[in-house]
Amino acid sequence: MTEAFVGLGSNIGEPATQLRRACNALTALPDTRLVAVSSFYESQPMGPSDQPPFLNACAHIETTIDPNELLTALLAIETTMGRVRKRHWGERCIDLDLLFCGDTSVESERLTLPHPGLYQRDFVLKPLAELLGNEYLMPNGLDIGTLLAGCSTHDLKLSSDQLCNGEIPGNPL
């Protein structure tokens, strides 16, 4: 099994519900186990400012699925949940980003691992720090705490809307 991390985001269509639905979909992936999900964090949009704030989280999974197949599965979940790509960095009901997958490095037109924005986004690093700790060494060799200290802020705040009782849907922590 390979450890992989998925960034989750939503800012339309009841974002907390969308994140929960995405977690449920991750539990249904073949040859994959959802290990943990971070708290939900509210952040200001990275893209156009004429959209609602985002709700973000990270999921820790273990899988035997190849990274390209995993990306295909994540895109299928987005499509099933109704994601429509209207504009770059625009509003979305769900966004699932494969952040990193073990120590795999991929550079293709379809997939880049680790995710190209991984090291600069507090709304990704803060949930990862919750799951892994600030001392965790990321694929670039820097620890999460150091990367977080260098991030621009998106007015990140812990959301009051979380997974029920700290449980992964269908999988107690």
For region 93-143, give me the residue count where each residue is among the β-branched types (Val, Ile, Thr) and over 16 Å from residue 4 (Cα atoms).
1
Restricting attention to region 100-141, and to residues there that are small (Gly, Ala, Ser), in a loop (DSSP other than H, G, I, E, B) and more than 12 Å from the chain's Cα centre (by Cα), which single residue is nearest to residue 68 (Cα to Cα)?
108
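Can you tell me which of 34, 75 is surrounded by 15 or more Cβ atoms within 10 Å (Cβ to Cβ) and either at pLDDT 95 or above or under 12 Å from the mean Cα position of the chain (by Cα) (or both)? So that I can check it myself, show each step before the final result.
Details: 75 fails: surrounded by 15 or more Cβ atoms within 10 Å (Cβ to Cβ).
Criteria check complete, one pass: 34.
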Identify all residues within region 65-90 that are assigned to a helix (DSSP H, G or I) and either touching a strand residue (DSSP E or B) at 6+ places or on another chain (Cβ under 9 Å) or acidic (Asp, Glu) (or both); write none if there are none.
67, 68, 69, 70, 71, 73, 74, 75, 77, 78
Need pairs with beta-carbon distance below 6 Å; first residue among the β-branched types (Val, Ile, Thr) and within region 67-88, second in a helix (DSSP H, G or I); sequence gap 6+ or separate chains.
77/25
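The values are calculated or read from the model by the stated rules, or taken from the named source; none is laboratory data. Because the structure is predicted, anything quoted here is derived from the model rather than measured. FYI the Cβ positions are ideal-geometry reconstructions off the backbone, even for glycines, and counts take in every protein chain you see.
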